[in-house]
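All remarks here apply to the structure that follows.
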């Protein structure tokens, strides 16, 4: 079976400290992956933060398309889980 060539882009949507930790973990597991941090840029209110994040992701996607990649591009968005939602009821360790 021939392995398909691909590029990996991981979009980290969260705070800087969290993103730095996750980026280190991603780089360790997938050295060929490139991480992009999407930050709220200090916008106030959920709607403004969401809009800022969407515009940043759109910019990343546009740059990928403009670069006309020859290989497949895997894009994965990673977001932090809210502390209160981290464990489901009756989950081991909760």
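Quick note: the coordinates plus some simple rules give every number you see, no bench work behind them. Here the structure is a predicted model, which means the values were calculated and not measured. Reconstructed Cβ throughout: ideal geometry from the backbone, glycine too, with neighbour counts over all protein chains shown.
Annotation: extensible slack from residue 57 through residue 32 equals 7.0 nm (criterion: 0.36 nm per residue apart, minus Cα-Cα distance).
Can you work out the FRET efficiency for the pair residue 74 and residue 44, with r the C-beta to C-beta distance and R0 = 22 Å, to the nearest 0.05?
Numbers: r = 33 Å, r/R0 = 1.52.
Efficiency at R0 = 22 Å is approximately 0.05.
Classify region 13-75 as rounded, prolate or oblate from the Cα gyration tensor: take a ≥ b ≥ c as the square roots of its eigenvalues, call it rounded if a/c is under 1.5, otherwise prolate when a/b beats b/c and oblate if not. Oblate is the answer for region 13-75, as a/c is 1.5 or above yet b/c matches or exceeds a/b.
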